[in-house]
Each structure stands twice: as C-alpha cells, then as structure tokens.
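The values are calculated or read from the model by the stated rules, or taken from the named source; none is laboratory data. Small disclaimer: the values here were computed from a predicted structure and weren't measured. Positions of Cβ are backbone-derived with ideal geometry, glycine not excepted, and every protein chain shown enters the neighbour counts. Side chains included, ligands, DNA and RNA excluded: accessible areas come from the protein's heavy atoms. Shrake-Rupley method; radii C 1.70, N 1.55, O 1.52, S 1.80 Å.
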Amino acid sequence: MAARGHVLALLVLLALASATAASGGRHPHQHRHRHGRKSARLRLIPSAPGASFADRARDDRNRHAYIRSTLASRRRAAEVGASAFAMPLSSGAYTGTGQYFVRFRVGTPAQPFVLVADTGSDLTWVKCRGAAGSPPDAQPPAREFRPAASKSWAPIACSSDTCTSYVPFSLANCSTPASPCAYDYRYKDGSAARGVVGTDSATIALSGNTGADSSRRAKLQGVVLGCTASYDGQSFQSSDGVLSLGNSNISFASRAAARFGGRFSYCLVDHLAPRNATSYLTFGPGPEDAAAPSPASAPPAPEQTPLLLDRRMSPFYAVTVDTVYVAGEALDIPAEVWDVERNGGAILDSGTSLTILATPAYKAVVAALSKQLAGLPRVSMDPFEYCYNWTAGAPEIPELELHFAGSARLLPPAKSYVIDAAPGVKCIGVQEGAWPGVSVIGNILQQEHLWEFDLRDRWLRFKHTRCAQ
C-alpha cells in the first residue's frame, strides 16, 4: 500500500511540473474564486489504469487491515486510560502476623516486594540500603530496594513543598535545600521506620474489568516512595515495608485511584487462610463491574454509606455508625461515641486486626454477646476479656449487626467477632478503646467482604463474598 501511495504522489508531481512548464510558470487550471483568491485543480492519474477488480479487492483488503489495526491500537490505548489494575492480596497468618500482604513491584527495572496493605498509612516505603543515613553495618533484609539500581528513582529535596507539607514525620534538619527529605515515621503500635523519600515508578498489571492479566503491564509514574534504612517493631519483620492506602496527597491509594476511576477496593480472605488463598487489591472498576447481568441473575446490590474524608481523621477513612444490634436488639450506646464532631467516630483500618470499640460501645457489645454465651465455661486468655471453652458445647452465636448512615448494614459472619483463639477456645474478638476516642473496625471484622472506597464521590460500598480466587 505504501508503494502505491508513493507512485501516485510521484505521478501527480510530474503532471504538475509538466503543466507548470507548459504554462510558462503559471499554475495549471488556475482560476479565481469570486473573492479573488487563486486556486488550482489537479487531475488525478490512476497509478495502475489496467488493474483488475481482483487487484483492487486485494488492495482494499490490505487497507482495511491497516484501518482495523490502527483503530484497535487506539482502542487499546483508550482502555489503558480507563481500565483497572489489580495487585495480589493475601493473609499474613502464615508468618504469625495479623496483617494482609500485597505484592508490589517498583523501580526500573522493577524490583518485587511484599508489603503490608495499610489504609492507615500515608507513606509507602520499602526496606533498602544506600539511603542517606543508612548505618554502614546494617544487616541487609532478605529483599531490599536499591535506589542506585533504579533508573527512575528521583530523591525529593528536603526544601520541597512535598517534604515540608505532606511527608508525615519529616525531619526538620535540612542542611542544604537539595538535601534528601528524611523521615522518622512512628506508628501507634510503637513501631517506626526511618529513611529518605523520593519518587519512582511502580509496575502494574492492567486488568480491564476481568481480573489480573500479567501480560498487560504498565508503569505508574511518580509514586512517592520511602527508602527505609532502619526500622523497629515486630510488624515489619515478615514484610518488606508498607503500601499506603490512606487518605493523603502522597499515598499510593490516592495517586493510583486518581488515575483509575477515583476508587479502589479490596477483599480480605479469612484471616487464618493459607498463603495460597489470594484475592486482589484493585484500583478502578472491580470484578463487580465486569458485566451487566440480566435483572433475574443480578447479585444483590452492595450496601453503601457516606465515606467521611475528614481532615481531622486523615489519613484514616471514617464512617458514621447509627446503631449496633446483637441478636436483633439495638444496644444503648451514646450517639457521641460515633460522632467525629464530639471526639468520637469510627474508622476502617486494614492494618488493625481486632476491632477496637470506645469504652461505652465496648461495654454494651460484650455485655450483650456474653449474655448469650453465659452457659459456657469461661477461660482466661490474653488479650481478651471474654473467652470460652468451646469443647463444652457449641451454642448458636448471636448475630451482630452494624447499621451505618444511609441504611447500610454490615452483618459479619460469627467467626469475625467470636474468633478462634486456641484449639477448643473461642473469644469475643473486640478490644476496649479509650473514651473519648475513635473506634476502629479491624481487618478480622472486614474479612470475607468486598470493600470499595469511592474517593471521588465519597462513598464506601461493601458486600459479603468469599474473596478467595
């Protein structure tokens, strides 16, 4: 086809040159429009006057293939901009932790890591060496990020607005404006991470609407990344760092969701599930959006409640609890316990295992549940207040319901709040939190539900599902 085009163009130019010469330099078929502007008419000369219809049909088929290929590539490019990407997610029970791990690839070339998926973190970081301030005799972790080996790593200066305004626990010492932005990140459980911040690119597996497909990879540029030279705490012994899913300008969740539909979702498998039981952390449309089933076969619509992106609660995601029920009976819990404006409120946190309820809510919930389990012998087991010898009988566990603003209802499975603590022992799996203070819906209470955080329209949607792929 390209050859035909060149021949046609050459013949047109030759005809033009010949006509121009014959007219003494004037353009062929020159005339004036009524507005006085000159124009020229060129006579098209077929490149192959004797071509048969078979030849023309062959040429047309070739051109059609070209058109089809061009449009397909443009459609694929459009899909990349509007599709989703998914990251494998699994329980960390096999390591003895109560966290959920996500597989993450960062750098150029990409380096693989296993990070804690944490909706309470605003800084993504990985263990590494070669960062400024890294102890020369530090014991290298099993997997370490090597910034010097990544072509896309770029340090963030300590004088930058990103460092001074958005990096949590950034250090005040800034010897020169170009010095790297350093942090000393402190967690509520006493663990800590120290290092420097930069940006790099993450390798993602584009999935459209049908699940992960490792054959379609892309780079997510400009990910804010902490290069942690030293850390403390048991939480990080079994992982390579933290993937920030919190509500923050620099979190991975905020930046990735902004490019993929303004939302992200995750489905937590049973917290005791084996390592090979995998679900996905998804940015953009999830599996629920893959097709539009007929009304007769459509699954129940997810529950939804307003997502409170309150600066006072940042980087956590808050929701409004209206009422808590046990065995169908509404519990008498003061309204201020769930009110952010009155030093209360409730958040969802994937990085907390056990649900923590502020004292008034805790006392009401455990009193109602223990009343229903009063016939079982009690067992002492830290850190729980109410544990039972389950070998003495297996009574029906009363139903727990959380009603959120907008009439959304969470009915967790019984194993999510009366949990297996030891062979033959079950415990009421909630902890008492300070009051005034916030209540935390931990990952065990969230398990076997699909949770979607719609950051653009500020909705939290959820529905019960098995999660495991």
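Once the other residues with Cβ under 9 Å from the Cβ of residue 366 are scored (Lys, Arg +1; Asp, Glu -1), what is the net sum?
Values: positive: 363; negative: 385, 432.
That sum, taken over residues with Cβ under 9 Å, equals -1.
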| query | When only the heavy atoms of the protein chains count and the probe is 1.4 Å, how do 426, 188 rank by accessible area, highest first? | reply | 188, 426
| field | For residue 152, residues with placed amide H under 5 Å, excluding near neighbours | value | 108
| Stretched out fully, how many nm does the piece from residue 219 to residue 370 gain, at 0.36 nm a residue minus the Cα gap? | 49.2 nm
| said: Just to check I understand the Karplus step: with θ = phi - 60° and J = 6.51 cos²θ - 1.76 cosθ + 1.60, what whole-Hz values come out for segment 317-334, glycine and proline as x? | reply: 9, 9, 9, 9, 8, 8, 8, 10, 10, 10, 6, x, 9, 5, 8, 8, 10, x
| query | Between residue 359 and residue 425, what is the label-to-label distance in nm when each label sits 7 Å out along the Cα-to-Cβ direction? | reply | 2.7
| request: Extending each Cα 7 Å along its Cβ direction at residue 339 and residue 314, get the distance between those two points in nm, one decimal. | output: 2.5
| Residue by residue, what Karplus-based ³J(HN,Hα) values in Hz, rounded to whole numbers, does segment 262-270 have, using 6.51, -1.76 and 1.60 with θ = phi - 60° and x for Gly and Pro? | x, 8, 9, 8, 8, 10, 8, 5, 3
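Could you give the accessible area per residue of segment 302-464, probe 1.4 Å, as a whole number in Å²?
Numbers: 7100 Å² over 163 residues.
Accessible area per residue: 44 Å².
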| message | If I model a spin label at residue 186 and residue 237 as a point 7 Å from the Cα along the Cα→Cβ vector, what separation in nanometres do I get? | response | 2.3
| query | Any idea what % of Cα-Cα pairs in segment 393-469 are farther than 15 Å? | reply | 67
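Ignoring any ligand, DNA or RNA, what whole percent of the accessible area of segment 302-464 comes from carbon and sulfur when the probe is 1.4 angstrom? Let's see the in-between values first.
Values: 3390 of 7100 Å².
C and S fraction of accessible area: 48 percent.
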| remark: In whole Hz, the Karplus estimates of ³J(HN,Hα) for segment 433-440 (6.51, -1.76, 1.60; θ = phi - 60°; x where Gly or Pro) are x, 5, 10, x, x, 8, 9, 10
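Treat segment 302-464 as a sphere of radius equal to its Kirkwood radius over Cα pairs and apply Stokes-Einstein at 4 °C in a medium of 1.567 mPa s; give the translational diffusion coefficient in µm²/s, rounded to a whole number. Mind dumping the intermediate values first?
Values: Rh = 16.2 Å.
Stokes-Einstein gives a translational diffusion coefficient of 80 µm²/s.
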